[in-house]
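The values are calculated or read from the model by the stated rules, or taken from the named source; none is laboratory data. Just so it is clear, the structure is predicted and the values come from calculations on it, not from any experiment. Here the Cβ positions follow ideal geometry from the backbone for every residue, glycine too, while neighbour counts run over all protein chains shown.
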Amino acid sequence: MQDPFGHRISYLRVSITDRCNERCTYCMPRELQEWLPREGILSFEETLRLVRVASRLGVRKVRVTGGEPLTRRNVLSFCAELCRIPGIDDVGFSTNGTLLAREASPGVPMASALHAAGVRTVNVSLDTLDRDAYRLTTGRDLLPEALAGINSAIAAGFELIKLNCVLMRGRNEEQLAPLVEYAGARGLLLRFIELMPVSTSEVLSDANFLPIRETQRLLEARYGSLVPEPHFRTNGPATYFQLPGRAQRIGFIGAMTNLHFCESCNKLRLTCDGKLRPCLGSYLEFDILSVMRAGATDAELERFFLDVVERKPEQHDFRGNYQTNRKMVAIGG
Ligand code: SAM
Ligand code: SF4
């Protein structure tokens, strides 16, 4: 699948729930805390059918997300089915990590069960190692559980574990070096993410925004000049740098300040209530659930995907006066 701007689509981000056991201020603002009705959520069978259709159109990578995907029942059998779909050769999982160490079955932590199901990479959100700051950002005092979850993921033997840190001035710029050290000591790939306007909240103010460039300057003051690695990519929009004198790479996801951010976009998103979104930072979304439940054939669903790709914008609208039509937790980050 290719859009009119030359974006080649090979990656589907699949949200399986808008529910979460945390309340991150930038994702689920207090004024918008309500769940979607259950009957409007895609069943796993419906989601799997849509992924099969997408795989026939060239999608090779799927990332399962939410909300917190580990809060949904039967997520393991869903992941196992997903990994068996012909053509899907890379299944990743995004999580806040707090449930990864929980037992999926006696003696088997969720992280190991996900790995056994065929999931290759996990992305774990970790904005800070300071327990108070973690509680303030996520609304829950679950830093020990998140760290235990990361340990479980390491023990499970995933191919790659990424740590995602959303940058917020006054909240975690003191945490840059501790996070770098934490990731470096464990062989985890740390990425810093600029705050995006995907919720409606006082959190998304200019005062809270910490740009990538400034983050890099803060890191360089401590570690020396970062060495760009323009050819290293992990299927997404992050740019990577090597820390001088160390075998450690760190990534930056600058959706707001990187003017080339959208050029290599290869992604579509499927929300848990069955909307196909051609872009995170655009109002556009198309209701594939209703079409499917009205009896569409696979060929018609394929056409639907192609029509959505045809409407993919050249770039996101975040730099304009963008007001989201959904909070992040209901899009699927
Ligand atoms: N619950 C899982 C988690 O926290 O990783 C998966 C869903 S979460 C919506 C996916 C990613 O989106 C997380 O890394 C989170 O930090 C990021 N995110 C949420 N709101 C954001 C925002 N306003 N700006 C930038 N990243 C955001
Ligand atoms: Fe939940 Fe993840 Fe959103 Fe935080 S970022 S509220 S953990 S979905």
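So is A54 among the aliphatic types (A, V, I, L, M), within 26 Å of R38 (Cα to Cα), crowded, with 18+ Cβ neighbours inside 10 Å and away from ligand 1 (no atom under 14 Å from the Cβ) or not? Break it down stepwise before answering.
Details: among the aliphatic types (A, V, I, L, M): yes; within 26 Å of R38 (Cα to Cα): yes; crowded, with 18+ Cβ neighbours inside 10 Å: yes; away from ligand 1 (no atom under 14 Å from the Cβ): yes.
Answer is yes for this residue.
Just give me the residues in region 48-95 being under 30 Å from E300 (Cβ atoms), within 12 Å of ligand 2 (Cβ to nearest atom) and part of a helix (DSSP H, G or I), in sequence order.
P69
Could you identify the single residue in D90, D3, D18 that is within 16 Å of ligand 1 (Cβ to nearest atom) and in contact (Cβ under 8 Å) with a residue 60 or more places away in the chain? Show your work before the answer.
Numbers: D90 fails: within 16 Å of ligand 1 (Cβ to nearest atom); D3 fails: within 16 Å of ligand 1 (Cβ to nearest atom).
Being within 16 Å of ligand 1 (Cβ to nearest atom) and in contact (Cβ under 8 Å) with a residue 60 or more places away in the chain holds for just one of D90, D3, D18, which is D18.
Looking only at region 202-226, filter to residues that are touching a helix residue (DSSP H, G or I) at 6+ places or on another chain (Cβ under 7 Å) and part of a loop (DSSP other than H, G, I, E, B); which one of those is modelled with the highest pLDDT?
L226
In the list R249, R186, which residue meets the criterion of being basic (K, R) and surrounded by fewer than 17 Cβ atoms within 10 Å (Cβ to Cβ)? Quick ask: steps written out before the conclusion?
Working: R249 fails: surrounded by fewer than 17 Cβ atoms within 10 Å (Cβ to Cβ).
Selected residue: R186, the only one of R249, R186 that is basic (K, R) and surrounded by fewer than 17 Cβ atoms within 10 Å (Cβ to Cβ).
Going by the conditions given, is A153 touching a helix residue (DSSP H, G or I) at 6+ places or on another chain (Cβ under 8 Å), of a type outside the set (S, T, N, Q), within 16 Å of ligand 1 (Cβ to nearest atom) and assigned to a helix (DSSP H, G or I)? First the steps, then the outcome.
Working: touching a helix residue (DSSP H, G or I) at 6+ places or on another chain (Cβ under 8 Å): yes; of a type outside the set (S, T, N, Q): yes; within 16 Å of ligand 1 (Cβ to nearest atom): yes; assigned to a helix (DSSP H, G or I): yes.
Considered against the rule, which asks whether it is touching a helix residue (DSSP H, G or I) at 6+ places or on another chain (Cβ under 8 Å), of a type outside the set (S, T, N, Q), within 16 Å of ligand 1 (Cβ to nearest atom) and assigned to a helix (DSSP H, G or I), A153 comes out as yes.
Residue-wise test of (1) under 28 Å from C83 (Cβ atoms); (2) away from ligand 2 (no atom under 16 Å from the Cβ); (3) modelled with pLDDT of 95 or more; (4) in contact with a His (Cβ under 9 Å, 6 or more places away or on another chain).
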{"residue": "P106", "(1), (2), (3), (4)": "yes, yes, yes, no"}
{"residue": "A111", "(1), (2), (3), (4)": "yes, yes, yes, no"}
{"residue": "S125", "(1), (2), (3), (4)": "yes, no, yes, no"}
{"residue": "D141", "(1), (2), (3), (4)": "no, no, yes, no"}
{"residue": "I150", "(1), (2), (3), (4)": "yes, no, yes, no"}
{"residue": "F158", "(1), (2), (3), (4)": "yes, yes, yes, yes"}
{"residue": "L163", "(1), (2), (3), (4)": "yes, no, yes, no"}
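Out of T98, T137, T128, report the one residue that is assigned to a helix (DSSP H, G or I) and touching a residue at least 40 places away in the same chain (Cβ under 8 Å). Outline the logic, then answer.
Working: T98 fails: assigned to a helix (DSSP H, G or I); T128 fails: assigned to a helix (DSSP H, G or I).
Among T98, T137, T128, only T137 is assigned to a helix (DSSP H, G or I) and touching a residue at least 40 places away in the same chain (Cβ under 8 Å).
Can you find, within region 101-114, the residue that is surrounded by the most Cβ atoms within 10 Å (Cβ to Cβ) among those that are more than 20 Å from R140 (Cα to Cα) and either within 16 Å of ligand 1 (Cβ to nearest atom) or in contact (Cβ under 8 Å) with a residue 40 or more places away in the chain (or both)? Outline the logic, then answer.
Keep residues of region 101-114 that are more than 20 Å from R140 (Cα to Cα), which gives 103-114.
Applying the additional criterion that residues be either within 16 Å of ligand 1 (Cβ to nearest atom) or in contact (Cβ under 8 Å) with a residue 40 or more places away in the chain (or both) yields 109-112, 114.
Details: P109: 22, M110: 22, A111: 32, S112: 21, L114: 29.
Here the residue is A111.
When the residues of region 5-39 are filtered to those that are small (G, A, S) and surrounded by 12 or more Cβ atoms within 10 Å (Cβ to Cβ), which remaining residue is nearest to ligand 2 (Cβ to nearest atom)? Walk me through how you get there before you give the answer.
So the first thing to find is which residues in region 5-39 are small (G, A, S), and the list is 6, 10, 15.
Among the residues that remain, those that are also surrounded by 12 or more Cβ atoms within 10 Å (Cβ to Cβ) are: 10, 15.
Details: S10: 24, S15: 9 Å.
Ranking the candidates gives S15 first.
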